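J.: Pasting in a structure now, in structure tokens, and then I'll have a few things to ask.
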């Protein structure tokens, strides 16, 4: 029997789509390979969100191209759709598949049965973005807005839960653009009488409304007390240049209102440092904004040009060395924020799900490590159980 191997890069949407690809090959009587070296076909499900993501994928393409077993190599995903990356010249012998749905068993019914070696399940409910932030390549490579039908989502959640997945992460390219309204969907989800919870992967500020906050308040057993809201910059001038649709005042007002309603909430965010034209003054504004607001964790990205985006044509670029220094400032703030959030939670008991052999993830995004009660609890079931947060835990 021929073997296949899927290498997945990037976001949770890609991880979900990699599972769709995997199930397609299994349905076609392929066996999952243990590693690329013993596989006949290797599928790269790529990411092109940053230059670093491009380089990572190119590195593995080169390594796999040199394997002595000479596997067939297929490249799909966002890198394959980015017309500005000349993959064909670099790797003339690989097959490039721009339309990833050709690798799905049923493009009209994008559902998966489970996730190999995962204790949590990802559920793609939406695709596409048309916001055109000035730095972002995503609207150019995922420009078709799509939402999964509500009945398919509910059915998939029931299937995941019955198969032992205690946490289901709702994901999408821009999840707030779900065309049936996210709050309405969540209201239907929390009514499913099974032992599971859902986590919202990432959501834009303007998609958070009173209905969503109320659902988190009234359904703590079903919806994780965690929101990831991308900020990108704490400087109004830079936010405007990024073509984001809020100001720091609006962002601050909404997140503080949300924290007031949900005091145990883990609020995480994305920050881009070194955006073209970002002065030291702008950088300090970002640092000060983060310090004074209740973030639990930062995801920090160094700006890199994505050819074809508006920002790539800006002339006032920041030197790589300076971007590196600014990222160090942000990582220091991130470390303090993580410690502060963890200290606020030490000694408290939270509901958690198992991740790995001896770890658990709480509803408010804290990883509790190597406690005997986790091991004992998970011997009994794969469901949701209570853990105590200690000074060995991490956010």
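J.: If you take the residues in segment 303-318 that are outside any loop (DSSP other than H, G, I, E, B) and surrounded by fewer than 19 Cβ atoms within 10 Å (Cβ to Cβ), which one is farthest from the chain's Cα centre (by Cα)?
T.: The selected residue is 313.
J.: Which ones in segment 67-91 are at positive phi and surrounded by 12 or more Cβ atoms within 10 Å (Cβ to Cβ)?
T.: Within segment 67-91, just 77 meets the criteria.
J.: Shifting gears a bit: Go through (1) at pLDDT below 95; (2) surrounded by fewer than 18 Cβ atoms within 10 Å (Cβ to Cβ) and name the single condition residue 94 misses.
T.: (2)
J.: Only residues that are surrounded by fewer than 17 Cβ atoms within 10 Å (Cβ to Cβ) and part of a helix (DSSP H, G or I): list them for segment 253-278, please.
T.: 253, 256, 257, 259, 260, 261
J.: Is it true that some residue in segment 279-298 is more than 30 Å from residue 344 (Cα to Cα), in a loop (DSSP other than H, G, I, E, B), at pLDDT 95 or above and in contact with a strand residue (DSSP E or B) (Cβ under 6 Å, 6 or more places away or on another chain)?
T.: Scanning segment 279-298, I find no residue that is more than 30 Å from residue 344 (Cα to Cα), in a loop (DSSP other than H, G, I, E, B), at pLDDT 95 or above and in contact with a strand residue (DSSP E or B) (Cβ under 6 Å, 6 or more places away or on another chain), so the answer is no.
J.: Mind listing whichever residues of segment 215-226 are part of a helix (DSSP H, G or I) and either within 17 Å of the chain's Cα centre (by Cα) or in contact (Cβ under 8 Å) with a residue 12 or more places away in the chain (or both)?
T.: Kept after step one, since they are part of a helix (DSSP H, G or I), are these residues of segment 215-226: 215-218.
215, 216, 217 - these are the residues of segment 215-226 that are part of a helix (DSSP H, G or I) and either within 17 Å of the chain's Cα centre (by Cα) or in contact (Cβ under 8 Å) with a residue 12 or more places away in the chain (or both).
J.: Identify, from the list 168, 85, 137, the residue that is touching a strand residue (DSSP E or B) at 6+ places or on another chain (Cβ under 7 Å) and either modelled with pLDDT of 95 or more or more than 19 Å from residue 12 (Cα to Cα) (or both).
T.: Just one listed residue meets the conditions, 168.
J.: Restricting to segment 49-66, what's the tally of residues that are crowded, with 19+ Cβ neighbours inside 10 Å, more than 19 Å from the chain's Cα centre (by Cα) and under 18 Å from residue 81 (Cβ atoms)?
T.: Result for segment 49-66: 1.
Condition check ((1) out of contact with any helix residue (DSSP H, G or I) (no Cβ under 7 Å at 6 or more places or on another chain); (2) within 24 Å of residue 255 (Cα to Cα); (3) without any contact (Cβ under 8 Å) to a residue 40 or more places away in the chain; (4) outside any strand (DSSP E or B)) across all residues:
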residue	(1), (2), (3), (4)
108	yes, no, yes, yes
121	no, no, no, no
136	yes, yes, no, yes
153	no, no, yes, yes
158	yes, no, yes, yes
171	no, yes, no, no
194	no, no, yes, yes
203	no, yes, yes, yes
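J.: Restricting to segment 319-357, and then to whatever is assigned to a loop (DSSP other than H, G, I, E, B) and within 23 Å of the chain's Cα centre (by Cα), can you tell me which residue is farthest from residue 289 (Cα to Cα)? Even if it seems obvious, please write down each step before you answer.
T.: So in segment 319-357, the residues assigned to a loop (DSSP other than H, G, I, E, B) come out as 319, 346-348, 356-357.
Subset that is within 23 Å of the chain's Cα centre (by Cα): 356-357.
Details: 356: 35, 357: 38 Å.
The selected residue is 357.
J.: Given the criterion within 13 Å of residue 273 (Cβ to Cβ) and touching a residue at least 40 places away in the same chain (Cβ under 8 Å), identify the matching residue among 291, 318.
T.: Details: 291 fails: within 13 Å of residue 273 (Cβ to Cβ).
The conditions single out 318.
J.: Next up: Exactly one condition in (1) more than 18 Å from residue 138 (Cα to Cα); (2) out of contact with any helix residue (DSSP H, G or I) (no Cβ under 6 Å at 6 or more places or on another chain); (3) part of a strand (DSSP E or B) is not met by residue 75; state its number.
T.: Going through the list (1) more than 18 Å from residue 138 (Cα to Cα); (2) out of contact with any helix residue (DSSP H, G or I) (no Cβ under 6 Å at 6 or more places or on another chain); (3) part of a strand (DSSP E or B), residue 75 breaks only (1).
J.: Could I ask something else about it? I'd like the full set of residues that are in contact with a helix residue (DSSP H, G or I) (Cβ under 8 Å, 6 or more places away or on another chain), in a helix (DSSP H, G or I) and more than 10 Å from residue 79 (Cα to Cα), limited to segment 26-58.
T.: Residues of segment 26-58 in contact with a helix residue (DSSP H, G or I) (Cβ under 8 Å, 6 or more places away or on another chain): 32, 36, 41-49, 53-54, 57-58.
Next cut, in a helix (DSSP H, G or I) only: 36, 53-54, 57-58.
The one that is in contact with a helix residue (DSSP H, G or I) (Cβ under 8 Å, 6 or more places away or on another chain), in a helix (DSSP H, G or I) and more than 10 Å from residue 79 (Cα to Cα): 36.
J.: Still on this structure, please answer the following. Condition first: out of contact with any strand residue (DSSP E or B) (no Cβ under 7 Å at 6 or more places or on another chain) and either surrounded by fewer than 22 Cβ atoms within 10 Å (Cβ to Cβ) or without any contact (Cβ under 8 Å) to a residue 12 or more places away in the chain (or both). Now tell me which residues in segment 36-48 satisfy that.
T.: Matches in segment 36-48: 37 only.
The values are calculated or read from the model by the stated rules, or taken from the named source; none is laboratory data. In this text, all values refer to a predicted model and were calculated from it rather than measured experimentally. Here the Cβ is made from the backbone with ideal geometry for all residues, glycine too, and neighbour counts use every protein chain on show.
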